[in-house]
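Scroll down for the structure; my scribbles are underneath it.
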Amino acid sequence: MITVGLFFGGSSVEHEISVISALQAARYLDRSKYNILPIYITRDGEFYTGEKMLDIANYEKISALLAESTPVAIVRDGKRVVVRRTQHKLFAKDEIGQIDVAFPIVHGTNCEDGSLQGFFEILRLPYVGCDVTSSALGMDKAAMKDVFMQAGIPVVSHQTFRREDWQRGRDAVLDRLEEKIGYPMIVKPVNLGSSIGISKAENRAELEEAAELAVSFAQRVLVERAVQNLREINCAVLGDAEEAKPSLCEEPVSSDRILSFNEKYMSSGKTKGMASLSRIIPAELSDEKRTLIENLAVACFKALGCSGVCRMDFLLDEVSGEVFANEINTIPGSLSFYLWEPAGKPYAELLDDLIRLALKRERQRSQLMITYDSGVLSGAHLKGLSGAKGAKR
Ligand SMILES: Nc1ncnc2c1ncn2[C@@H]1O[C@H](COP(=O)(O)OP(=O)(O)O)[C@@H](O)[C@H]1O
Ligand SMILES: [Mg+2]
């Protein structure tokens, strides 16, 4: 049996979506192979575990749920990574369990952006999905586009500005955007998701308003040329640098041009995760377009150095026929299981693949040298360095 530490929640605007995606995955993980140890991260960054954490109904009253669950710390103890109570309880063992592999199903900043992945690295705990670098790139819409451009992947023309630039002089920023991009533009905070803080601008007044909104959410803002005659096509990729396969393509359908947070997650008034958005699977595409998008999706995944399952989102101009890589989601809503299932890969199998890839990366890494004994700290030359003077470099 492998014990999977299922990490979800977190200090992110997409906290709830993470809970939904994670508990959905928990239902599909094959219990004959895996023990699940749920680790719920509160918005304040506290870790809790307990059986009650696996039932979505209990999240209606978070305070009650937390009161019935156990606050824990995750620490390395010799060769093991263990989950321990943070509050000692009489007649109960401090150690609650051991984690063999971490499965982060978190979305957004402070979680999906490499932060949690960095925590696993420090613990030397194998984990599912993208590593620190690819996670961080995947959360920064501007850095990601730079990498795509380097790899020859088409992206829309864009510019960035910082909050300080905006505070110093809006007109200079607005002038540059008008000159370099031109209307209509789309303004987005670089590192949020779920369309939060994103708006479209057709003129200078709207651009100013859109920029003002975006800088209230992030230090850096990405402004893009708005794609006209827009069609959005998404394609997931599963694997790693050696093996990376595209899924079916989907076309999310929206009444509005910009898919709002509500549309993505709250359609029909119920929170069912990304799968509740109306979508066409497989998307209606010519063979040629489909192949192009599949190849671009794999190229994006590889350019960023991704691993696990990611969803690449594309913007198409129906009239000009252009295809642009828009963004990657390194931990997609519902892990994009719905793009694999109709092609013959059940969700449980997708989860098996993800855990297998995590363990494969761990094996490959264990063959790398991670320490280099220089002998510096045992050398006789250190004599005389102790004391008030400190080390000279
Ligand atoms: N350059 C663009 N042209 C036209 N529409 C865009 C453009 N960029 C984003 N959008 C619209 O805004 C939505 C959200 O933007 P996106 O970059 O995907 O951010 P998020 O991380 O919030 O999903 C997209 O799904 C699309 O509908
Ligand atoms: Mg998007």
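The values are calculated or read from the model by the stated rules, or taken from the named source; none is laboratory data. Model, not experiment: these values are computed from the prediction. Here Cβ is always computed from backbone atoms with ideal geometry, including for glycine, and neighbour counts include all displayed protein chains. For the accessible areas, the whole protein counts, side chains as well, though only heavy atoms, and no ligand, DNA or RNA atoms are used. Shrake-Rupley method; radii C 1.70, N 1.55, O 1.52, S 1.80 Å.
Considering only residues in the range 177-202 that are basic (K, R) and more than 22 Å from the chain's Cα centre (by Cα), the one that is farthest from D113 (Cα to Cα) turns out to be K180. Taking the range 290-332 only, how many residues are over 23 Å from V190 (Cβ atoms) and basic (K, R)? Total satisfying the criteria: 1. Among the residues in the range 127-138, are any over 26 Å from R356 (Cβ atoms) and not small (G, A, S)? Scanning the range 127-138 turns up no residue that is over 26 Å from R356 (Cβ atoms) and not small (G, A, S). So is V4 β-branched (V, I, T) and not in a strand (DSSP E or B) or not? In short, no.
Anything in the range 322-343 that is among the small types (G, A, S), out of contact with any Lys or Arg (no Cβ under 7 Å at 6 or more places or on another chain) and at pLDDT 95 or above? List them, or say none. Correct list: A325 only.
Scanning the range 55-112 for residues that are closer than 19 Å to I2 by Cβ, open to solvent by 40 Å² or more (accessible area, probe 1.4 Å) and in contact with a Ser or Thr (Cβ under 9 Å, 6 or more places away or on another chain) returns I96, Q98, D100. Annotation: A210 fulfils all but one of (1) within 16 Å of ligand 2 (Cβ to nearest atom); (2) hydrophobic (A, V, I, L, M, F, W, C); (3) not in a loop (DSSP other than H, G, I, E, B); the unmet one is (1).
Quick one: would you say A226 is at pLDDT below 95, within 25 Å of S157 (Cα to Cα), buried (at least 19 other Cβ atoms within 10 Å of the Cβ) and within 15 Å of ligand 1 (Cβ to nearest atom)? In short, no. Every condition in (1) part of a helix (DSSP H, G or I); (2) out of contact with any strand residue (DSSP E or B) (no Cβ under 7 Å at 6 or more places or on another chain); (3) farther than 15 Å from G108 by Cα is met by E16 except one, and the failing one is (3). Residue pairs whose Cβ atoms lie under 7 Å apart, sitting 6 or more positions apart in sequence or on different chains, and linking a residue in the range 344-366 that is open to solvent by less than 60 Å² (accessible area, probe 1.4 Å) and modelled with pLDDT of 95 or more to a partner that is assigned to a helix (DSSP H, G or I) and not aromatic (F, W, Y), are Y347/E341; L350/L335; L351/A25. Any chance the range 21-30 includes a residue that's touching a strand residue (DSSP E or B) at 6+ places or on another chain (Cβ under 6 Å) and surrounded by fewer than 18 Cβ atoms within 10 Å (Cβ to Cβ)? Within the range 21-30, not a single residue is touching a strand residue (DSSP E or B) at 6+ places or on another chain (Cβ under 6 Å) and surrounded by fewer than 18 Cβ atoms within 10 Å (Cβ to Cβ).
Checking the condition in contact with a Leu (Cβ under 8 Å, 6 or more places away or on another chain) and assigned to a helix (DSSP H, G or I), which residue from I293, I328 passes? So that I can check it myself, show each step before the final result.
On the way: I328 fails: assigned to a helix (DSSP H, G or I).
Residue meeting the stated conditions: I293.
In the range 315-331, of all residues being surrounded by fewer than 24 Cβ atoms within 10 Å (Cβ to Cβ) and within 15 Å of ligand 2 (Cβ to nearest atom), the one that is nearest to the chain's Cα centre (by Cα) corresponds to N329. The residue that is nearest to ligand 2 (Cβ to nearest atom), among those in the range 241-250 that are among the acidic types (D, E) and surrounded by fewer than 19 Cβ atoms within 10 Å (Cβ to Cβ), is E243.
Considering K289, K245, K272, which residue is more than 16 Å from ligand 1 (Cβ to nearest atom), at pLDDT below 95 and farther than 25 Å from D140 by Cβ? Only one candidate qualifies: K272. For the range 203-225, a residue qualifies if it is under 21 Å from the mean Cα position of the chain (by Cα) and of a type in the set (K, R), and exactly one does: R220.
For the criterion of being touching a strand residue (DSSP E or B) at 6+ places or on another chain (Cβ under 8 Å) and either open to solvent by less than 60 Å² (accessible area, probe 1.4 Å) or on the phi > 0 side of the Ramachandran plot (or both), V147 fails.
Of the conditions (1) more than 24 Å from the chain's Cα centre (by Cα); (2) in a loop (DSSP other than H, G, I, E, B); (3) farther than 17 Å from L354 by Cα, R31 clears all except one; give me its number. Only one criterion is unmet by R31, namely (3). Can you find even one residue in the range 50-61 that is touching a strand residue (DSSP E or B) at 6+ places or on another chain (Cβ under 6 Å), modelled with pLDDT of 95 or more and closer than 25 Å to E362 by Cβ? No, the range 50-61 contains no residue that is touching a strand residue (DSSP E or B) at 6+ places or on another chain (Cβ under 6 Å), modelled with pLDDT of 95 or more and closer than 25 Å to E362 by Cβ. Restricted to the range 194-207, and to residues there that are in contact (Cβ under 8 Å) with a residue 24 or more places away in the chain, in contact with a strand residue (DSSP E or B) (Cβ under 6 Å, 6 or more places away or on another chain) and not in a strand (DSSP E or B), the residue that is nearest to ligand 2 (Cβ to nearest atom) is I198.
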